[in-house]
1. Within 10 Å, count the other beta carbons around each residue, average over each peptide in 301-309, 205-213, and list them highest first.
2. Between Asp358 and Arg304, what length in nm is gained on full extension when 0.36 nm per residue of separation is reduced by their alpha carbon distance?
3. Quick check: net charge around Gly86, other residues with Cβ under 12 Å of its Cβ, Lys/Arg +1 and Asp/Glu -1?
4. Can you list residues from other chains, or at least 5 along the same chain, whose modelled amide H is less than 5 Å from the amide H of Asp191?
5. If you take every residue apart from Phe134 with its C-beta less than 15 Å away from the C-beta of Phe134, what net charge results, scoring Lys and Arg +1 and Asp and Glu -1?
6. Rounded, prolate or oblate, given the Cα gyration tensor of the stretch 75-155, with a/c below 1.5 counting as rounded?
7. Apply the Karplus parameterisation 6.51 cos²θ - 1.76 cosθ + 1.60, with θ equal to phi minus 60°, to every residue of the stretch 97-112 and state each ³J(HN,Hα) to the nearest whole Hz, in sequence, with x for glycine and proline.
8. For the stretch 99-145, just say rounded, prolate or oblate: build the C-alpha gyration tensor, square-root its eigenvalues into a ≥ b ≥ c, call rounded for a/c under 1.5, and beyond that prolate if a/b exceeds b/c, oblate if not.
Amino acid sequence: MTAPAPTARRTRRAGFWAALVGVLVIVGVIGAMLASAVQWTERERFDPESAGPDGTRALARILADHGVEVTVARSRDDAAAALGNGPATLVLPDTPLLSDAQLAALTDAAADVVVIEPRSRSIRLLFDGRIDGFGDTAPIPPACTLGAAERAGEVVIGATFTTAVAGCYPVGDAYGLVWTAHGEGTAVAVDGTDLFTNDRLAGDGNAALAVNLLGVRERLVWFVPALTDGEGGEAATLGELTPGWVSPAIVLSLVAAVAAIVWRGRRFGPLVRERLPVTVRGSETTRGRAHLYARSRDAGHAARALRAGSLSEIRRMLSLPAALDTGAVADAAAARLGRDRDAVRGILSEDAVRGDRDLVTLSQRLHDLETALAATVRPGKESR
């Protein structure tokens, strides 16, 4: 037995939505696989697992090839645990969530410290100095006694520092690299943005300097700060990070969006199907345009339409070329009727139309002009 038409339509509609959901699920799975395959797009700067321009995967792999065990610690607790397993070098990027005490405890647990993203606080606490400015674009020789820098040679430095401890790569009274004793090891600060990232590692002596600084020990702990590394130990919620009115505003916006979707998206019954093409009589089109002109109160536009129609009719009656301009058509009509050329030009193009009264007057004058021309061309007959 054949299913009723409404049931068949519902079945087809349900099948369509099921297929659409299936396609979306497949696309989502493929997107997730691609995102996991290209993880550097989700990593931050200086991340040793990022292959992006600002990542440091290339440096991490070079160190591993030189026999250095690289441990990526993505929280303060993981970094502290890794440093407790034996002497290791700590790579320290910017850590604004750590308190001064937490930063000191983390660096004290490391045998060597390399600060690759120095900020005012880390320079002040670890090197008793401050950030001074930035170096030039030309490579600078180390000009110091630090073996790691001497063996690397010239590099283009980024930020410069003024400090009471030793320094390398001098720029005026500042240095592009500062270092000091740290227990039995060394603490170093250098702007790794212009030296150690994937995009810059191959330039000048950057790779040599990075390997010399970070590969002095067999173990390297690369600290990647997390949002849970602060004093509270938990990541801040949206309500804690924003003013009190933001969360209610977001909820209200979502409710308004859903209401707008329901309001604008509803329709009563199926769409009406109309067989095409639809034939519309010329008189209906003319009346429709006339109503539009009347509603817009644009007498000038309506006057141009009337004059265009009259010009077309006059060209046809006088067998004039279609490309002939308005002035020439007016002159030809005036010559045929024996009238003043300026008067005919005023009717066809020059007289201003400022309102409905002028528009009616112009329509009558155009009609009279066409009638007079038709009488000269076809005596005894009227135009149109």
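1. Values: 301-309: 15.7, 205-213: 21.2.
Ranking the peptides 301-309, 205-213 by packing returns 205-213, 301-309.
2. Values: separation 54, 0.36 × 54 = 19.44 nm, distance 1.26 nm.
Roughly 18.2 nm would be gained on extension.
3. Around Gly86, the surrounding residues sum to 0.
4. So Asp191 has HN proximity to Gly158, Ala159.
5. Details: positive: Arg119, Arg130, Arg200; negative: Glu117, Asp132, Asp136, Asp173, Asp191, Asp194.
Here the count lands on -3.
6. Details: a/c = 2.57, a/b = 1.56, b/c = 1.65.
It is oblate, given that a/c is not under 1.5 and a/b is not larger than b/c.
7. Working through the residues one at a time gives 7, 7, 6, 4, 5, 5, 5, 5, 5, 5, 6, 5, 7, 9, 6, 10 Hz.
8. Working: a/c = 2.85, a/b = 1.80, b/c = 1.59.
In terms of gyration-tensor shape, prolate.
No lab work stands behind these numbers, since they all come straight from the coordinates. These numbers were taken from a predicted model, which means no experiment stands behind them. All Cβ positions, even for glycine, are placed from backbone atoms using ideal geometry, and neighbour counts span all protein chains on display.
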